[in-house]
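Take a look at the structure below.
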Amino acid sequence: MIFIAFGIGLIISVPLGPLGQMMLNRAVDSGFWHGFSIAILAALADFIVCDFFLIGTVSVGAISPWVKIVLQLAGLVFLFYMGVKEIILPFIKNKRNKTPEKKENEVTEKLKLDKKSILKNIAVVVSYYLSNPTYLAFWLSFSVLINQKFIVQHDLLHYTLFSLFFALGTLTCQYIAIKIVQGATINSKMLDVLKYISIPLYSGTLLYFIYHVTQNIIQII
């Protein structure tokens, strides 16, 4: 069971959305822990959500549809702001020539990960999960599949173990992705390609979220 949970977490995390792009950009621009701290928080969120859905304590239908919309809109606004700040603006700035003094300051900055940075990362992770309208729908169906196919003993211990190794799988995937991208920074051309790819991926995913939230609003109206 634990190997299946780890494998599922590993596979599910392969497609990188806006959160993954922010994580990689921060790892490259500000240092490993700036990016990996987002991965840790996201894995923690995956663990909590997976465990709650498997236990059956989450009742999505009990939440008012308008409350869901408000939360999703708030998440989208913050996610849009962070995408511009963390992906688009850094890309524009990196295209400019950097002086040796600026490079030295960047090296110093990469060693810092203060409480303010961690709080920002928490806000980014929470906003991502709130603004993703397909996330709860995915877990509603996926938790049923897990209960039917992969868990033999239906108790708190086995639910928690599955959720833990699922989260470890997602965290491992993000760790590998960060290391690969950091290794690519040695090749400046490869880094430019990654930067160019990150913007359309982020934009496409954000538009996808906006489309689904708009559809939800139309259905309620």
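Laboratory data are not the source of any read-out in this text; all were calculated from the coordinates shown. All values derive from a computational prediction rather than experimental measurement. Neighbour counts are summed over all protein chains in view; Cβ atoms, including those assigned to glycine, are modelled from backbone coordinates with ideal geometry.
At an R0 of 35 angstrom, the distance between the Cβ atoms of L161 and D114 translates into a FRET efficiency of 0.55. Ranked by the mean number of other Cβ atoms within 10 Å of their residues, highest first, the peptides 149-155, 174-180, 1-7 fall in the order 174-180, 1-7, 149-155.
Approximating the spin labels as points 7 Å out from Cα along Cα→Cβ, the W66-to-N147 distance works out to 3.1 nm.
At an R0 of 30 angstrom, the distance between the Cβ atoms of Q219 and I180 translates into a FRET efficiency of 0.15. Protection proxy ranking for 33-41, 119-127, using the average of other Cβ atoms within 10 Å per residue and placing the highest first: 33-41, 119-127. A full extension of the chain between M1 and F32 corresponds to an added length of 8.0 nm, given 0.36 nm per residue minus the alpha carbon distance.
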